[in-house]
Amino acid sequence: MRSNLVSALFLGLTASINLPPVAAVHTMIPKTSFDSQSDFDADWNYLYPWGSDHNGGARMTKSKINISGGVLTLTASPASGEKPASGGKSIPIHYLSGTIHAKEHFNVSRSGGYDFSAEFKASTTKGTWPAFWLTAVDGWPPEVDMAEWKGSGKVSFNTFNTSKEVEARDVKYESPREWHSFKTEVRDENGRDLAIRFFMDGKEVVRQVGKGFLGKPMWLIIDLQMEGSSGSPGPKDDTLFQVRNLEVLSYNL
Ligand SMILES: *[C@@H]1O[C@H](CO)[C@@H](O)[C@H](O)[C@H]1NC(C)=O
Ligand SMILES: *[C@@H]1O[C@H](CO)[C@@H](O)[C@H](O)[C@H]1NC(C)=O
Ligand SMILES: *[C@@H]1O[C@H](CO)[C@@H](O)[C@H](O)[C@H]1NC(C)=O
């Protein structure tokens, strides 16, 4: 009786299930992109897409970037005599540091998405502002902060619908000297918005929704800004931001 019922249910189920189409997974940036200079050059450019400065007290330069043994190291060092950052308000520059951005743009199309994953050693000291983030190629937003440390002992996960409409989640960041893994899954939600799920050390932290982000190309940036949103003054000695096992996969049905 029982086994008949089970098999009847099983048959009923299999008859009614239409298997979903299998997603095509494509590697946009392989885990080997920090293995050598030529691997790096295939996927990354130096600086921000718009240049050397952005909203903080560090000016970016290629000389502050090291790739060795599969690890990217960005170093921020105190510097004097630099001209203030221009663009908007003038910001004093107290550091030289490193930033890279992916050569590819990330543009989610219908039924598509991306997984961005990497491991980081990131400082949470006052005045240090490392980040792993996506920002609009044309205008602004979209912006998705996949991991942003603002000098407060926490890590932030943010999605900007507008400058005022922001979903922001801050969580305590333990053991900053250890590697921590991060993954952000970005997916078409409804043909218009993107569902964004943030994971840290294998656990989902928060799910946010980006309004109208579908079909809007984004830059992927890894930067070690200083001061700005992380407070000032920043440290008097060098600060490191390290990254390994970075991978970007795209999904399309
Ligand atoms: C990069 O770091 C490695 C390991 O610390 C070091 O051996 C190498 O000299 C550095 N390269 C540059 C260009 O600074
Ligand atoms: C952003 O827009 C999405 C889609 O409309 C919405 O679900 C989300 O709550 C919005 N975020 C904020 C902070 O209002
Ligand atoms: C981004 O994707 C949308 C729709 O998926 C497409 O219409 C648009 O042309 C793409 N933009 C770029 C710059 O590739």
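The numbers here are math on the coordinates, done by the rules we state, and not lab data. Keep in mind that what you see is a predicted model, and the values were worked out from it rather than measured. Positions of Cβ are generated from backbone atoms using ideal geometry, with glycine treated the same way; all protein chains shown enter the neighbour counts.
With 19 Å as the limit, write out which pairs from LYS89/LYS211; LYS121/LYS150; LYS103/LYS154; LYS64/LYS154 have Cα-Cα distances beyond it, or answer none.
On the way: LYS89/LYS211 28 Å; LYS121/LYS150 14 Å; LYS103/LYS154 29 Å; LYS64/LYS154 25 Å.
As for pairs spanning more than 19 Å Cα to Cα, those are LYS89/LYS211; LYS103/LYS154; LYS64/LYS154.
Let me check against my output: what whole-number percent is the relative contact order of the chain, with C-alpha pairs under 8 Å and at least 6 apart? The partial results should precede the final answer.
Values: 661 pairs, mean separation 70.5, N = 253.
It comes to 28 percent, rounded to a whole number.
Please check: in the Gaussian network model of the chain (C-alpha springs, under 10 Å), which one of LYS203, LYS150, LYS216 has the largest mean-square fluctuation.
The residue that fluctuates most here is LYS203.
Under a point spin-label approximation (7 Å from Cα along Cα-to-Cβ), what is the GLU204-ASN66 distance to one decimal in nm?
3.9 nm
Relative to the present Cα-Cα distance, how much length would full extension add between ASN107 and SER152 at 0.36 nm per residue of separation? Provide the component values of the computation, followed by the final result.
Values: separation 45, 0.36 × 45 = 16.20 nm, distance 3.20 nm.
So the extension gain works out to 13.0 nm.
Using alpha carbon centroids, what distance separates segment 43-117 and segment 171-224, in Å?
Result: 18 Å between the Cα centres.
Among SER52, SER230, SER36, which one shows the biggest mean-square fluctuation in a GNM of the chain, springs joining Cα atoms closer than 10 Å?
SER36
If each of ASN45 and ASN245 carries a label point 7 Å out from its Cα toward its Cβ, how far apart are those two points in nm?
It is 3.0 nm.
Roughly what angle does helix 2-16 make with the longest principal axis of the chain, taking Cα atoms, 0 to 90 degrees, to the nearest 10?
Result, in degrees: 60.
Counting only helical runs of four or more DSSP H residues, what would the 222 nm mean residue ellipticity of the chain come to if each run contributes -39,500 (n - 2.57) and the total is spread over all its residues? Don't jump to the answer; show the numbers that get you there.
On the way: 2 runs with 22 residues, N = 253.
Computed ellipticity for the chain at 222 nm equals -2500 deg cm²/dmol.
Would you work out which of LEU72, VAL206, SER230 lies farthest towards the positive end of the dipole of segment 23-252? Charges go on Cβ: Lys and Arg +1, Asp and Glu -1.
SER230
Under a plain spin-label model, where a point goes 7 Å from the Cα along Cα-to-Cβ, how far apart in nm are THR125 and ASP35?
Placing both labels 7 Å along Cα→Cβ, they lie 3.4 nm apart.
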